[in-house]
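Written out below as structure tokens is the structure these notes cover.
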Amino acid sequence: MFSSSTLFFMNNAGEHWMQNRTSLALANNYKMKSPEGKLVNLWDAMEVIHLDNSNKDLGARLQLKQGYTKEDGSEFTKEDVEKFTRRSAALNQRMYGIYNKIDRSAVQRLALGRMAVMFRKYMIPSLNRRFAKAAYNQDLQAWTEGYYNTTGKFLVTLAKDLR
């Protein structure tokens, strides 16, 4: 038999894998500068630090290697880590829906409320992904728009250009 924690992990392993792939892709795209002046990605600029070298089962954390800076030469700060984390979370929410407990509405704290808004977790982001008006997304640091709107604008522009 499996323990409840094992079953929880097995049920969430795919989601965990998908969402971490977003962070890894962002880290591979984020440019850093090595102490020698060579451009590397954020993933290569990080190192694993074990909490206790004599007992590696206690866990580890990622830490920026000594001397590495952002591409422009400035220090990589905690604010940069927070911005990176928010961007990764925003991309995951845009692709997979909003499932975290922090973004829950007050009505979802009750079982009846959760039942009433069961499909909101993916329906609202899904509708926004298709039909949203152009707006600047602070977390993504980019302009976003529903892809039906983008396609419509493209087709209208194409029709005008063909005339």
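Assorted remarks:
- Top-ranked residue in the stretch 105-119 [being surrounded by fewer than 16 Cβ atoms within 10 Å (Cβ to Cβ) and closer than 27 Å to Trp17 by Cβ; ranked as modelled with the lowest pLDDT]: Phe119
- Looking only at the stretch 128-163, residues that are in contact (Cβ under 8 Å) with a residue 12 or more places away in the chain, surrounded by 10 or more Cβ atoms within 10 Å (Cβ to Cβ) and farther than 21 Å from Leu26 by Cα come to 9 in all.
- Any hit, the stretch 9-21, residues being modelled with pLDDT of 85 or more and either in contact with a His (Cβ under 8 Å, 6 or more places away or on another chain) or surrounded by 10 or more Cβ atoms within 10 Å (Cβ to Cβ) (or both): yes
- Sub-6 Å Cβ pairs linking a first residue in the stretch 51-77 that is touching a residue at least 12 places away in the same chain (Cβ under 8 Å) and closer than 10 Å to Met32 by Cβ to a second residue that is surrounded by 10 or more Cβ atoms within 10 Å (Cβ to Cβ) and basic (Lys, Arg), at least 6 apart or interchain, are Thr69/Lys33; Glu71/Lys31; Glu71/Lys33; Phe76/Lys70, ordered by first then second residue.
- Enumeration of residues in the stretch 72-98 that are surrounded by 14 or more Cβ atoms within 10 Å (Cβ to Cβ) and either over 29 Å from Val40 (Cβ atoms) or at pLDDT below 85 (or both): Gln93, Arg94, Tyr96, Gly97, Ile98
- Any hit, the stretch 68-85, residues being touching a Pro at 6+ places or on another chain (Cβ under 8 Å) and at positive phi: no
The values are calculated or read from the model by the stated rules, or taken from the named source; none is laboratory data. In this text the structure is predicted, and so the values were computed from the model without any measurement. When we count neighbours, we look across all protein chains shown, and the Cβ atoms used for this are built from the backbone with ideal geometry, even at glycine.
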